[in-house]
Amino acid sequence: MNSIREAEAIFFDLDDTLYDHLMPFHMALKHCNLNLPAAKLEEVFKRVRYYSDVLWKVYTKGEISLDLLRIERLRYAFNEFGILLSKEQAKAIQERYVKEQQQIKAFPEILSFIQNLMKCKPIVGILTNGPADHQMNKIKILQIDQIIPKERIFISDSIGLAKPDKRVFQYIQKQMNIEPNKCCYIGDTWKNDIVPSIEAGWQCIWFNHRKRKPESHHIPHEIIMNYHDIFI
Ligand SMILES: [Mg+2]
């Protein structure tokens with residue numbers, strides 16, 4: 001069965017599904033004369049995000065400031081790869097990273113793909129994890145807010161549930177009043193996108209543009225490397 005052809009509701013993940021999530025980090029490092037090979041860049045970035053989560057718990061207890069969290073996550077991550085960053089270096093990378101995040105661009109084919117999809121599907125939306133303002137800001141920079149109506153944009157912090165909790169998918173079904181097998185999710189991350197959408201009974205398309213390996217027995221309904229691979 002062609003998952004997207006039979007679905008009536010299509011939801012997209014945001015980060016690294018609608019735009020290149022690594023690009024702002026890559027550009028920030030380049031600006032600070034830290035050039036890493038592509039494979040290492042992804043590994044370091046993953047560890048930055050890992051430390052971001054770890055330090056977030058420390059921050060919510062009031063033990064460190066948000067500024068320090070953002071600096072220390074970089075220092076911890078780079079340290080794992082034998083690169084010792086001074087606080088000043090980490091601060092410079094962080095400042096540039098924030099600037100680069102304001103310049104993100106949707107994958108070239110994605111806006112027209114969504115527009116075509118909306119001509120033949122009653123429901124097209126986004127489901128993303130993260131702070132509501134931050135995620136919405138990115139959606140605006142990508143100009144996707146001009147295509148997808150606000151009531152079809154679901155951000156974990158606003159609804160109080162986050163992927164990989166499959167209840168977030170069930171929440172959307174309820175809101176949209178639609179059966180799970182009529183829903184299709186498109187995302188890049190195995191643990192957060194593929195596993196819970198399949199377990200919620202959705203169709204799912206793995207946007208595997210980073211050529212990762214499956215991490216469990218789950219089987220996505222389709223695997224694509226770019227949006228030209230999808231026939232609506
Ligand atoms: Mg993602």
key: Among the candidates Ile205, Ile223, residue that is open to solvent by 10 Å² or more (accessible area, probe 1.4 Å), out of contact with any Pro (no Cβ under 6 Å at 6 or more places or on another chain) and within 16 Å of the ligand (Cβ to nearest atom)   = Ile223
ask   = Just to be sure, is Leu74 under 23 Å from Met23 (Cβ atoms), crowded, with 19+ Cβ neighbours inside 10 Å and not assigned by TED's automatic domain parsing to the domain that holds Ile155?
value = yes
query = When only residues in region 26-57 that are assigned to a loop (DSSP other than H, G, I, E, B) and surrounded by 14 or more Cβ atoms within 10 Å (Cβ to Cβ) count, which is modelled with the lowest pLDDT?
reply = Leu36
message = Going by what's in this entry, would Pro196 be described as in a loop (DSSP other than H, G, I, E, B) and either crowded, with 23+ Cβ neighbours inside 10 Å or at pLDDT 95 or above (or both)?
response = no
task = Name the single residue, out of those in region 171-189 being open to solvent by 10 Å² or more (accessible area, probe 1.4 Å) and part of a helix (DSSP H, G or I), that is nearest to the ligand (Cβ to nearest atom).
result = Tyr171
query = List the pairs whose first member sits in region 11-30 and is touching a residue at least 12 places away in the same chain (Cβ under 8 Å) and among the aliphatic types (A, V, I, L, M), whose second member is more than 9 Å from the ligand (Cβ to nearest atom) and assigned to a strand (DSSP E or B), and whose Cβ atoms are under 8 Å apart, counting only residues at least 6 apart or on separate chains?
reply = Leu14/Ile126; Leu18/Phe12; Leu18/Ala106; Leu18/Ile126
Residue, farthest from Ile198 (Cα to Cα), within region 116-162, restricted to residues that are part of a loop (DSSP other than H, G, I, E, B) and open to solvent by less than 10 Å² (accessible area, probe 1.4 Å) = Leu142
note = Over region 87-115, the set of residues acidic (Asp, Glu) and open to solvent by 40 Å² or more (accessible area, probe 1.4 Å) is Glu88, Glu95
task = Just give me the residues in region 5-25 being surrounded by 20 or more Cβ atoms within 10 Å (Cβ to Cβ) and either more than 16 Å from the ligand (Cβ to nearest atom) or small (Gly, Ala, Ser) (or both), in sequence order.
result = Ala7, Ala9
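The values are calculated or read from the model by the stated rules, or taken from the named source; none is laboratory data. Small disclaimer: the values here were computed from a predicted structure and weren't measured. Quick reminder, even Gly has a Cβ in these numbers, built from the backbone with ideal geometry, and neighbours come from all protein chains shown. Heads up: the accessible areas ignore ligands, DNA and RNA and are worked out on the full protein's heavy atoms, side chains in. Shrake-Rupley method; radii C 1.70, N 1.55, O 1.52, S 1.80 Å.
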